[in-house]
Amino acid sequence: MCGIVGYLGKQQAAPILLDGLAKLEYRGYDSAGVCVYNDGFCVSKTVGRLMNLSSKIDGGAALTGHMGIGHTRWATHGAPSDVNSHPHIATNGKIGIVHNGIIENYLSLKLFLTEHGKTFLSDTDTEVAANLIEYLYEEEGDLLKAVQMAAKQMEGSYALGIMCIDRPNAMLAVKKDSPLIFGFGEGENFIASDVPAILKYTRKVVYLNDGDMVDFTADGATFYNSLGEEVSKTPENITWELSAAEKGGYDHFMLKEIHEQPKALRNTICPRIKDGRVRMDYLTLTEDDLRGIRRIYIVACGSAYYAGYHGKYILEKICRIPVEPMLASEFRYADPILDEHTLVIIISQSGETADTLAALRQANSLGARTLGIVNVVGSAIAKAATDVIYTWAGPEIAVATTKAYSTQLSVLYLLALYMGDLMGTLSTEEYDAMICALQALPEQIEQTLTAEKLAAIKDMAYDCRDNHDVFFIGRNLDNPTCMEGSLKLKEIAYVHSEAYAAGELKHGPISLIEENTLVVAVAGVEELFDKTMSNVKEVKARGANVLGVTTENMAEEICKTVDRCLLVPQTHPLLQPSLNIVPLQVFSYYVALARGCDVDKPRNLAKSVTVE
Ligand code: G6P
């Protein structure tokens, strides 16, 4: 949600800002704007897509100047509109800012600032931040001091790019709970919410910590910590290519990322298996710690939560410890009972989801062991968790996750094996069988993504495009797979769909089954196959149009009953969800296309949900 970018150097700033904002589109936005310094602030902003802004300023040519800030806004305080878009300029025109985050105490600050002569044009919390900095600057006469004081007064989250009319050759940036990176160029420097925005210009970046501030010119940067002390930062070298964050010949990022799943799984799994054993020696969790764990929570939002829900079945089966999956937005207000005997596993692609981060902080403060499963290196969740296991999915751009979800599942398998091994709850045969299955997964996913399979799913999707209500049913491990499949359809194809544990059908939803209602039945758990088939027959008897998903070895039985069938290869029973989800991702993608939806940027959704 929201993206910021800043440039200071010898080139024209505006085209670089527009280019950077385009790389941040994935975060979700409804308006955009830039401000370039040229003997004053020249601002252009507009509601809608970035192309509107780009045409308004002629691709950047209409705004000349070598220093500027840019923003994509996902509306929280005030509707999407030109006036609410960033950048915002303070009352006396001395301060211009862009902001990613939420200033929670903006109303009381606004009241104070109004009483002290400041006026407001927009409904945003950001304009309050701009005016607060301007007010303190006017009081103190020192911008660094003003920003440090403002940072102490603002509650909530922020990554701010700040320009001051009196400093034509310098920019400031400060952050708390929203991501911010600093990029070192040659005679030019950058700030951004994420690496792709500046990767074209530099690979040397610093991930700022909460409370950090950077004061920079085209030729240098000075970093300060939350106490205002000067600190030195060593840049990290980004090793991945920008092409990883581009479509690379695919029509959509989502399709590209679906196809990247085998590679993402290989990258996540292979380096962690050596000589047939899972190696996670860098974790601080010891055998003694694990023996002391009485309960595990898996906490996340959205698809990450559904990935975590599988973890309940996998970890309980292997480690014999009770596991409770919980939505982060519920967990944080549920007064959870946590202590040093609780392990809280936090799953997040972005590493910055507000509810998930808050849940993690709560778990830390209550003394639980915390372990993050995170995709974005150096993100807030990765930094705050006691231990972190990275999913090596690479940059995920489509709002609807696919490859990050798959790698989250694979880390749960690895973790279960690692823990089961340490705790001695797994037989050698079972351990070896799972390792073999895990190593074979990437290739099996490739088998589910052949041109022939995709064409068949595309046909089914086109046939199903006008269904208004879809039910996903499955048992045990198939249940969270159904939840994820249903979410995919909702978020990108705007089709109402619900996931139900197949055994629960008779307790309500079956009354909604009518002639031609689409039911997607996932029957991937072999020992429960007959039970799921009974539920399939119940909906068939009421006129449902059933799309079955199952393994090749169970095809014959299911194909007799359902209207259409999607088959996946068979693997170890605990790993089967990794294969079952793939055709459901592809199905949603093609239903969305058939319905003319914006697959990569679904309405109202954001990739990084940094608000509660
Ligand atoms: C958004 C995304 C989902 C994602 C969820 C949690 O809703 O659209 O794809 O699963 O946030 O995000 P996280 O970054 O914490 O995994």
Q: Putting +1 on Lys and Arg Cβ atoms and -1 on Asp and Glu Cβ atoms, find which of Ala328, Ile318, Ile457 reaches farthest to the positive end of the dipole of the chain.
A: Ile457
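Looking at segment 457-612, I'd like the Rg to Rh ratio, where Rg is from alpha-carbon atoms and Rh is Kirkwood's inverse mean 1/r. Spell out each step's value before the answer.
Details: Rg = 15.0 Å, Rh = 15.6 Å.
When Rh is taken as the Kirkwood radius, the ratio is 0.96.
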Q) Given R₀ = 51 Å, FRET efficiency for Asp281-Asp251 by Cβ-Cβ distance, to 0.05? A) 0.75
**Q.** Amide proton proximity set for Gly548, modelled H, under 5 Å, gap of 5+
**A.** Ala521, Asp563, Arg564, Cys565, Leu566
Q.
In segment 89-238, if the dipole is taken from +1 on Lys/Arg beta carbons and -1 on Asp/Glu beta carbons about the Cα centre, which of Gly220, Gly161, Thr202 is farthest to the positive end?
A. Thr202
Q) With each run of n ≥ 4 DSSP H residues scored as -39500 (n - 2.57), what mean residue ellipticity at 222 nm is computed for the chain after dividing by its residue count and rounding to the nearest 500 deg cm²/dmol? A) -11500 deg cm²/dmol
Q: Have a look at the DSSP beta bridges in the chain and tell me what percent are antiparallel, nearest 5.
A: 60 percent
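Efficiency by 1/(1 + (r/R0)^6): what FRET value for Ala555 and Ala455, r their Cβ-Cβ distance, R0 = 25 Å, to the nearest 0.05? Please list the in-between numbers first.
Working: r = 18 Å, r/R0 = 0.73.
With R0 = 25 Å, the Cβ-Cβ based efficiency is 0.85.
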Q: Might you work out the accessible area of Glu229 for me, using a 1.4 Å probe with all protein chains in place, and round it to the nearest 10 Å²?
A: 90 Å²
Q.
Let me cross-check Trp74: its accessible surface, 1.4 Å probe, with only protein heavy atoms counted, in Å² to the nearest 10?
A. 60 Å²
Q. To one decimal place, what orientation-averaged projected area in nm² is obtained for the convex hull of the Cα set of segment 1-121?
A. 7.2 nm²
Q: Mind giving me the nanometre distance, one decimal, between the label points for Lys10 and Ala334, set 7 Å out from Cα along Cα→Cβ?
A: 5.8 nm
Q) Got the relative contact order for the chain handy, in percent, Cα pairs under 8 Å and 6 or more residues apart? A) 12 percent
**Q.** Counting all C-alpha pairs of segment 113-221, share separated by more than 25 Å (%)
**A.** 24 percent
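When 1/r is averaged over all different Cα pairs and the result inverted, which Kirkwood radius in Å belongs to segment 129-177? Could you put the intermediate results ahead of the total?
Working: mean 1/r = 0.0915 Å⁻¹.
Mean inverse Cα-Cα distance, inverted, gives 10.9 Å.
Skip the ligands, DNA and RNA, and give the accessible area per residue of the chain with a 1.4 Å probe, whole Å². Please list the in-between numbers first.
On the way: 22580 Å² over 612 residues.
So the chain comes to 37 Å² accessible per residue, rounded to a whole number.
How much length is gained on full extension from Arg294 to His496, taking 0.36 nm per residue of separation minus their Cα-Cα distance?
Numbers: separation 202, 0.36 × 202 = 72.72 nm, distance 3.88 nm.
Residue separation times 0.36 nm, minus the Cα-Cα distance, leaves 68.8 nm.
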Q: Bin all alpha-carbon pair distances of segment 233-387 at 5 Å intervals from 0 and give each bin's fraction as a whole percent.
A: 2, 8, 15, 19, 20, 16, 10, 7, 3, 1, 0
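How many percent of Cα pairs in segment 188-285 exceed 18 Å? Mind dumping the intermediate values first?
On the way: 3145 of 4753 pairs.
More than 18 Å apart: 66 percent of the Cα pairs in segment 188-285.
Equivalent ellipsoid semi-axes for segment 374-525, as square roots of 5 times the alpha carbon gyration tensor eigenvalues: give them largest first, rounded to whole Å. If you can, show how the numbers build up before the last one.
Working: eigenvalues 203, 82, 62 Å².
Square roots of five times the eigenvalues give 32, 20, 18 Å.
Roughly how large, in nm² to one decimal, is the mean projection of the convex hull of the alpha-carbon atoms in the chain?
Working: hull surface 109.5 nm².
Averaged projected hull area, Cα only: 27.4 nm².
Do me a favour and compute the ellipsoid semi-axes for segment 482-542 from its Cα gyration tensor, root of five times each eigenvalue, largest one first, whole Å. Provide the component values of the computation, followed by the final result.
Values: eigenvalues 77, 47, 18 Å².
They are 20, 15, 10 Å, listed from largest to smallest.
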Q: Note down the magnitude of the dipole of the chain about its Cα centre, charges +1 on Lys and Arg C-beta and -1 on Asp and Glu C-beta and zero elsewhere, to the nearest 20 debye.
A: 520 debye
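Once neighbouring chains are kept in place and the probe is 1.4 Å, which whole percent of the accessible area of the chain is contributed by carbon and sulfur?
Details: 10980 of 22580 Å².
In the chain, the share of accessible area belonging to carbon and sulfur is 49 percent.
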Q: Kindly state, to the nearest 0.05, the FRET efficiency for Phe120 paired with Ser226, given R0 = 25 Å and r defined as their beta-carbon distance.
A: 0.35
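List the equivalent ellipsoid semi-axes of segment 59-159 in whole Å, largest first, each obtained as the square root of 5λ for an eigenvalue λ of the Cα gyration tensor. Don't skip to the answer; put the middle values down first.
Working: eigenvalues 89, 59, 33 Å².
Square roots of five times the eigenvalues give 21, 17, 13 Å.
The values are calculated or read from the model by the stated rules, or taken from the named source; none is laboratory data. It should be emphasised that the depicted structure is a prediction, and the values quoted were computed from it without experimental measurement. Note that we place each Cβ from the backbone using ideal geometry, even for glycine, and neighbour counts take in every protein chain shown. Side chains are part of the model used for accessible areas, which takes the heavy atoms of the whole protein and leaves out ligands, DNA and RNA. Shrake-Rupley method; radii C 1.70, N 1.55, O 1.52, S 1.80 Å.
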